[in-house]
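Enquirer: Sharing a structure below in C-alpha cells format, with a few things to ask.
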Amino acid sequence: QKFVYDFTEGNKDLKDLLGGKGANLAEMTNLGLPVPPGFTITTEACKVYLESGEAPTELRDEVSEHLTALEARMGKRLGQADDPLLVSVRSGAKFSMPGMMDTVLNIGLSDASVEGLAVQSGDERFAWDSYRRLIQMFGKTVLGVDGDLFEEALEEAKRAKKVSVDTDLAAADLKKLVKQFKKIVESQARRAFPQDAREQMDLAINAVFDSWNTDRAKLYRRQERIPGDLGTAVNVCSMVFGNLGPDSGTGVAFTRDPASGHQGVYGDYLQNAQGEDVVAGIRNTVPLADLESIDKKSYDQLMQIMETLENHYKDLCDIEFTIERGQLWMLQTRVGKRTAGAAFRIATQLVDQGLIDEAEALQRVNGAQLAQLMFPRFDEEAVTELLGRGIAASPGAAVGKAVFDSYTAIKWSRSGEKVILIRRETNPDDLDGMIAAEGILTSRGGKTSHAAVVARGMGKTCVCGAEELEVDTKRRRMTVGDRVIEEGDVVSIDGSTGKVYLGEVPVVPSPVVEYFEGRMHAGADDADELVAAVHRIMAYADRVRRLRVRANADNAEDALRARRFGAQGIGLCRTEHMFLGERREMVEKLILADTDDERESALATLLPLQRADFIELFESMDGLPVTVRLLDPPLHEFLPDITELSVRVALAESRKDANENDLRLLQAVHKLHEQNPMLGLRGVRLGLVIPGLFAMQVRAIAEAAAQRKNAKGDPRAEIMIPLVGTVQELEIVRDEADRVIAEVQAATGTDLKLTIGTMIELPRAALTAGQIAEAAQFFSFGTNDLTQTVWGFSRDDVEASFFTAYLEKGIFGVSPFETIDKDGVGALVRSAVEAGRATRPDLKLGVCGEHGGDPESVHFFHEVGLDYVSCSPFRIPVARLEAGRAAA
Ligand code: ADP
Ligand code: MG
Ligand code: MG
C-alpha cells in the first residue's frame with residue numbers, strides 16, 4: 001500500500017484518498033498551474049494512525065523518500081542552516097471543514113536556519129516574522145499552547161513600539177518576540193521548541209491526524225452529516241512567501257460571486273502577509289480588483305487561471321493564492337460553497353455557457369436549497385430603525401435577542417429564546433453558539449471569514465463585517481454611533497441584503513413562493529433573475545421525473561394552493577377535521593348512542609356536512625385523483641379531556657346539579673380511555689366496531705362524486721382504509737363500501753369508478769402485502785406509523801426524550817421520522833411493493849406522511865418504484881425537484 005503521493009501523481013477524483021485539498025492541488029499541478037511542489041499523505045495512513053495510535057511503519061520511509069525528492073528539486077534541504085527549504089503541513093479531509101483542522105506554516109525554521117533565510121532573502125525582518133509565526137502556530141496546534149498567550153505578547157510588542165499593525169514591527173522587535181514565544185512554549189508545553197526540522201514536520205503531521213478528532217471537528221461533522229471514520233490527508237507543501245514586502249501578499253478569491261452567482265472579480269487581497277492573515281481580519285484587506293493596480297501582471301495571470309479553473313471544474317471555484325515578489329502561486333482550489341439562490345443561478349448560467357447539460361444542472365441544486373429559498377423575507381416597507389449594514393454573507397431573515405457569546409446563545413436558545421449571535425468575528429470555538437442562534441452577525445471579516453463560510457454551510461442567516469457596529473463582548477453590548485444595544489435587545493438581520501435592524505421586522509413571502517403561487521413572473525430585477533432560474537430548473541425536473549407528486553390536503557384551500565405548487569392530486573385527505581369544531585357535538589352523540597336509531601340519526605346529521613366538504617374538495621382537484629382516508633384517530637380525541645370532564649362532573653355533583661349528558665360522556669370517556677391509543681381502537685377497527693360509520697363516509701364520498709359528475713365535473717376519488725393489518729379487515733369494509741357505492745350509483749344514474757385501497761402502515765400489512773393486494777386497488781405507505789410500529793416507539797413520546805442521545809451516539813445519523821430508515825422500514829416497503837405488484841400488476845403505489853417531502857426519502861421511493869409521493873403543499877416543489885434529481 002502506498003501512503004504518500006507526489007502532487008504530480010494525484011488528481012481531483014482521488015478525494016477519498018488524498019482529501020479535497022490534496023486532490024485539487026494535484027489537479028492544478030497537472031493542469032500546469034503554478035503550485036509549489038509537495039506531496040500528500042493519504043487518509044489511509046491517518047486511519048491507521050487513529051486506529052492504532054501510531055503512524056504505519058512504512059510511512060516514515062515513504063515520507064523520507066518524497067522529502068528527498070522534493071529537496072533535490074528545490075535545491076535545498078529541509079531546515080538547511082544556510083538556505084533552508086521550508087514547508088507547510090496542511091490538513092485536508094475529503095469534505096472541507098472550515099477552521100476545523102490545523103495547518104502549520106514555515107516548518108524548517110530554527111535558531112540556525114532563520115539566519116540563513118535572512119541572508120538568502122536579503123530580508124531579516126521577513127525571516128524573523130516567519131520564525132515567530134512558526135513558533136506561534138506550532139505552539140498552538142502541535143504543542144497545545146493557549147494561542148492567546150502568543151497574541152497577547154504580539155499585542156504587547158506593538159503597544160511597546162506604539163504601532164498598530166504587525167508589519168510595523170522591525171527585525172529587532174521580532175527577534176525579541178521569538179525569544180518570548182520560545183519561553184511561552186517552554187513554560188506551557190514543558191519542552192523546548194524543537195530545533196530539528198524533521199522532528200517539527202513529523203510532530204506536525206501527527207497533530208494533523210489528531211485534529212480529526214477534536215470536539216470541534218466532531219461537532220461539525222455531526223452537524224454536516226460527515227461520517228466520522230474518513231480521516232484526513234496531510235499535505236506537505238514547499239513554502240512560498242507572501243510576507244516578503246509590499247510586492248508580496250496573499251489572497252482568496254471566487255470565480256463568481258458565491259451569493260448571487262454573478263461573474264466578476266470577487267475576493268480579498270492583503271499585501272505583505274502570510275497564510276490566514278487575510279481571513280483572520282488582523283489587517284484590512286483590499287478588494288481583489290485593487291490587485292490590478294498593485295501588480296497587473298499577477299492580476300492578469302490570476303484572472304486567466306480562474307477562467308481555466310471554471311472551465312475545467314465546470315463550476316464555481318474558490319481559491320487561495322500567494323504572490324511572492326511578483327510571482328503568483330496557487331495554494332488551494334475547490335468547488336466553492338454558495339448560497340441557495342446562487343446554486344440555482346449558477347446551474348442555469350453554466351447551462352447557458354454550454355459547460356453542463358440539464359441533467360447535470362439538476363445535480364447542482366437540491367431540495368434543501370429550494371426549501372431555503374421559500375423562507376419568508378423581511379418586509380422592506382415595514383423596516384424599523386436601520387442600525388447598519390454589513391456583508392450579505394448567508395441569506396435569510398433572522399430575528400432574535402442579541403447575545404454576545406456562544407455560551408449565552410446556547411443557554412438562551414435551550415430555554416426557547418430566539419437569539420442572534422453577535423461577535424466581532426467568530427472562530428471555531430463559536431460553532432455551538434452558531435448552531436444555537438437564529439442568525440450570526442459580526443463586525444469584522446468578509447465573505448470568506450469564518451462566520452460567513454460556516455454559516456453558508458449550515459444554511460444559517462449571516463451578516464458579517466458590519467463595521468459601524470462596535471461590539472464589546474466583555475460588556476455584552478454593542479454600540480452604533482450613540483445607540484447602545486444591550487444583551488437581550490431584539491435585532492433583525494437580513495442575510496440577503498446585509499442590513500441590520502433594531503427591533504423585530506415583519507417578514508413577507510419569498511419571491512420563489514410568489515412565483516409558485518403564480519403571483520410573479522420572470523423580469524429584470526434581482527429577485528426575478530432567481531425566479532427565472534428556479535423556473536427553468538423546475539421545468540428540467542418535471543421533464544425527467546418518473547414519480548408523481550401529490551399533496552396532503554384536507555380542504556379546498558390547501559388543495560388549490562397545492563395545485564398551484566404543482567400537485568398532481570391529493571395523496572392524503574384526512575377526514576378527522578370534518579368531525580371537529582361545531583360538529584364535535586354530533587360526534588359525541590354518535591359515540592354516546594345506545595340504540596341503532598340514535599346512532600343512525602347522529603350519522604344522518606353528519607352525512608350532508610361531509611358530502612359538502614367532499615364536493616368542494618373534488619371540485620378543487622377536478623380531473624386529478626383525490627385519496628380520502630376514512631376516519632383514523634382514536635375516538636377519545638373527539639371527546640372532552642378526561643381530567644377536565646371529571647372535575648366538571650364532580651363540581652356539578654357537589655352542587656347536586658349533575659347534567660345527565662355529562663355523566664354519560666364521562667362514562668364513555670372512561671370506557672374509551674386507552675393506555676396506548678396509538679395501538680388501540682383506531683383506523684379500520686373503528687369501521688368494524690361502529691356500525692354505519694364507514695358506510696356514512698363512503699356514502700358522502702360517493703354522493704359528492706355523483707354530484708360533481710352530474711355537474712359535468714371530473715371527480716376521481718379513491719377511498720383509503722387506514723391501519724389494516726390483515727386482508728380480512730379490508731374485505732369486510734370493502735364489501736360494505738361496494739354495496740353503498742352501488743346504491744349511490746343506481747340512485748344517481750352515474751358510473752363513479754371509485755377505487756378502494758389501503759394504507760400499509762403496520763408491519764403485518766407489509767409482510768402480507770401479497771394477500772392484501774387481493775382486496776386493494778392501491779397501497780399508500782403510511783411511513784409515519786410504519787416507522788413507529790417497526791421501531792416500537794411513538795414519535796410523540798421519544799423525540800424529545802432519547803433521540804438526542806441516539807443522535808450523539810451515532811445510532812441514527814438523522815431521525816427516522818425525518819428521513820426514511822432504508823434498512824428497516826425501507827426494506828419492508830420494498831418487499832411490500834414487490835409482493836403487492838406480484839398479486840396485482842396494476843396496483844397503484846404511493847406514500848403519504850412526512851417522508852414524502854424529504855429529499856433523501858424521495859430518492860428512495862423513486863428507487864423502489866413507487867408511482868407517487870404525497871406531502872404537505874409547501875414541500876411539493878421540493879419533492880418535484882428531488883424526484884427529478886433522482887431520475888436525471
Ligand atoms: P485551511 O484548510 O484552513 O484553508 P490551509 O492548509 O489552506 O488551511 O492553509 C492555511 C493558510 O496557509 C492558507 O491561507 C494557505 O494559503 C496558506 N499556506 C498553506 N501552505 C502554504 C505554503 N506552502 N506557502 C504559503 N502559504 C501557504
Ligand atoms: Mg484554517
Ligand atoms: Mg486553505
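Enquirer: Name the residue that is nearest to ligand 1 (Cβ to nearest atom), counting only residues in region 267-287 that are under 17 Å from D102 (Cβ atoms) and surrounded by fewer than 23 Cβ atoms within 10 Å (Cβ to Cβ).
Expert: G275
Enquirer: Pick out the one residue from Q777, Q707, Q728 that is polar (S, T, N, Q) and free of Cβ contacts under 8 Å to residues at least 12 places away in the same chain.
Expert: Result of the check over Q777, Q707, Q728: Q728.
Enquirer: Would you point out the residue of region 686-738, among those that are of a type in the set (S, T, N, Q) and surrounded by fewer than 23 Cβ atoms within 10 Å (Cβ to Cβ), that is farthest from V587 (Cα to Cα)?
Expert: The extreme case among them is N710.
Enquirer: I'd like to verify a number: residues in region 63-104 that are assigned to a loop (DSSP other than H, G, I, E, B), near ligand 1 (Cβ under 9 Å from one of its atoms) and in contact with a strand residue (DSSP E or B) (Cβ under 7 Å, 6 or more places away or on another chain), how many?
Expert: Initially, region 63-104 is screened for residues assigned to a loop (DSSP other than H, G, I, E, B), giving 75-77, 79-84, 86, 94-103.
Narrowing the set further to residues that are near ligand 1 (Cβ under 9 Å from one of its atoms) leaves 86, 96-103.
Now narrow it down to the ones that are in contact with a strand residue (DSSP E or B) (Cβ under 7 Å, 6 or more places away or on another chain): 86, 96, 101-103.
Summing the residues that are assigned to a loop (DSSP other than H, G, I, E, B), near ligand 1 (Cβ under 9 Å from one of its atoms) and in contact with a strand residue (DSSP E or B) (Cβ under 7 Å, 6 or more places away or on another chain) in region 63-104 gives 5.
Enquirer: Would you mind finding the one in D785, D823 that is part of a helix (DSSP H, G or I), within 28 Å of the chain's Cα centre (by Cα) and within 19 Å of R682 (Cβ to Cβ)?
Expert: Selected residue: D785, the only one of D785, D823 that is part of a helix (DSSP H, G or I), within 28 Å of the chain's Cα centre (by Cα) and within 19 Å of R682 (Cβ to Cβ).
Enquirer: Now for a different question. Is it the case, given these coordinates, that F812 is over 22 Å from the mean Cα position of the chain (by Cα), not in a helix (DSSP H, G or I) and not aliphatic (A, V, I, L, M)? Give the derivation first.
Expert: Details: over 22 Å from the mean Cα position of the chain (by Cα): no; not in a helix (DSSP H, G or I): yes; not aliphatic (A, V, I, L, M): yes.
When the stated conditions are applied, F812 does not pass them.
Enquirer: Tell me yes or no: at least one residue of region 40-61 is touching a helix residue (DSSP H, G or I) at 6+ places or on another chain (Cβ under 7 Å), small (G, A, S) and not in a loop (DSSP other than H, G, I, E, B).
Expert: Yes - at least one qualifying residue is present in region 40-61.
Enquirer: Among residues belonging to region 105-137 that are under 28 Å from G22 (Cα atoms) and part of a loop (DSSP other than H, G, I, E, B), point out the one that is farthest from ligand 2 (Cβ to nearest atom).
Expert: S110
Enquirer: Please state which one of G824, G852 is closer than 21 Å to V814 by Cα and touching a Gly at 6+ places or on another chain (Cβ under 8 Å). Let's see the steps before the verdict.
Expert: On the way: G824 fails: touching a Gly at 6+ places or on another chain (Cβ under 8 Å).
Checking each option against the conditions leaves just G852.
Enquirer: Take region 246-262 and flag every residue that is part of a strand (DSSP E or B) and among the aliphatic types (A, V, I, L, M). Give the steps one after another, and end with the answer.
Expert: First pass over region 246-262, keeping only residues part of a strand (DSSP E or B): 249-256.
Correct list: V252, A253.
Enquirer: Touching a residue at least 24 places away in the same chain (Cβ under 8 Å) and buried (at least 17 other Cβ atoms within 10 Å of the Cβ): does that describe L14?
Expert: Working: touching a residue at least 24 places away in the same chain (Cβ under 8 Å): no; buried (at least 17 other Cβ atoms within 10 Å of the Cβ): yes.
So L14 does not fit the description; no.
Each row is one residue, and each column tells you yes or no for (1) in contact with a helix residue (DSSP H, G or I) (Cβ under 8 Å, 6 or more places away or on another chain); (2) more than 21 Å from F3 (Cα to Cα); (3) modelled with pLDDT of 95 or more; (4) more than 16 Å from ligand 2 (Cβ to nearest atom).
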site	(1), (2), (3), (4)
A72	no, no, yes, yes
K76	no, yes, yes, yes
Q80	yes, yes, yes, yes
L85	yes, yes, yes, yes
S88	no, no, yes, no
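Enquirer: A follow-up question, please. Search region 277-289 for residues being assigned to a helix (DSSP H, G or I) and closer than 27 Å to R133 by Cα, and hand back the single one that is nearest to ligand 3 (Cβ to nearest atom).
Expert: The residue in question is V279.
Enquirer: Continuing with the same structure: State yes or no: is E58 farther than 25 Å from Q120 by Cβ, surrounded by 17 or more Cβ atoms within 10 Å (Cβ to Cβ) and over 36 Å from the mean Cα position of the chain (by Cα)? Steps first, answer last, please.
Expert: Details: farther than 25 Å from Q120 by Cβ: yes; surrounded by 17 or more Cβ atoms within 10 Å (Cβ to Cβ): no; over 36 Å from the mean Cα position of the chain (by Cα): yes.
No; evaluated as a whole, the condition is false for this residue.
Enquirer: Then there's this: Which of the residues belonging to region 264-276 are more than 16 Å from ligand 3 (Cβ to nearest atom) and touching a residue at least 40 places away in the same chain (Cβ under 8 Å)?
Expert: Passing the criteria: Y266, N272.
Enquirer: Limited to region 605-644, what total is found for residues that are on the phi < 0 side of the Ramachandran plot and in a loop (DSSP other than H, G, I, E, B)? Walk me through it before giving the result.
Expert: Within region 605-644, the first condition is being on the phi < 0 side of the Ramachandran plot, and the residues that meet it are 605-622, 624-644.
Narrowing the set further to residues that are in a loop (DSSP other than H, G, I, E, B) leaves 621-622, 624, 630-634, 639-641.
The qualifying residues number 11.
Enquirer: Let me ask something else about it. Got at least one residue in region 676-685 being loosely packed, with under 14 Cβ neighbours inside 10 Å and assigned to a helix (DSSP H, G or I)?
Expert: At the first step, the residues of region 676-685 found to be loosely packed, with under 14 Cβ neighbours inside 10 Å are 676.
Those left that are additionally assigned to a helix (DSSP H, G or I): none.
No, region 676-685 contains no residue that is loosely packed, with under 14 Cβ neighbours inside 10 Å and assigned to a helix (DSSP H, G or I).
Enquirer: Just checking: which of the strands (runs of 3 or more DSSP E) contained wholly in region 300-395 hold 2 or more residues that are within 16 Å of ligand 3 (Cβ to nearest atom) and touching a residue at least 40 places away in the same chain (Cβ under 8 Å)? Full working, then the answer.
Expert: Values: elements: 317-324, 327-335, 386-389, 391-394.
Qualifying strands (runs of 3 or more DSSP E): 317-324, 327-335.
Enquirer: For region 396-419, what are the residues that are within 19 Å of the chain's Cα centre (by Cα) and in a strand (DSSP E or B)?
Expert: Passing the criteria: A397, A398.
Enquirer: Right, another one. Test R550 against the criterion of being more than 25 Å from R345 (Cα to Cα), outside any helix (DSSP H, G or I), modelled with pLDDT of 95 or more and not assigned by TED's automatic domain parsing to the domain that holds L441, and give yes or no.
Expert: Judged against the criteria, R550 is a match.
Enquirer: Within region 240-251, count every residue that is surrounded by fewer than 23 Cβ atoms within 10 Å (Cβ to Cβ) and within 16 Å of ligand 3 (Cβ to nearest atom).
Expert: 0
The values are calculated or read from the model by the stated rules, or taken from the named source; none is laboratory data. As the structure is a prediction and not an experimental result, all values here were calculated from the model. Every residue, glycine as well, gets a Cβ built from its backbone with ideal geometry; the counts of neighbours run over all protein chains shown.
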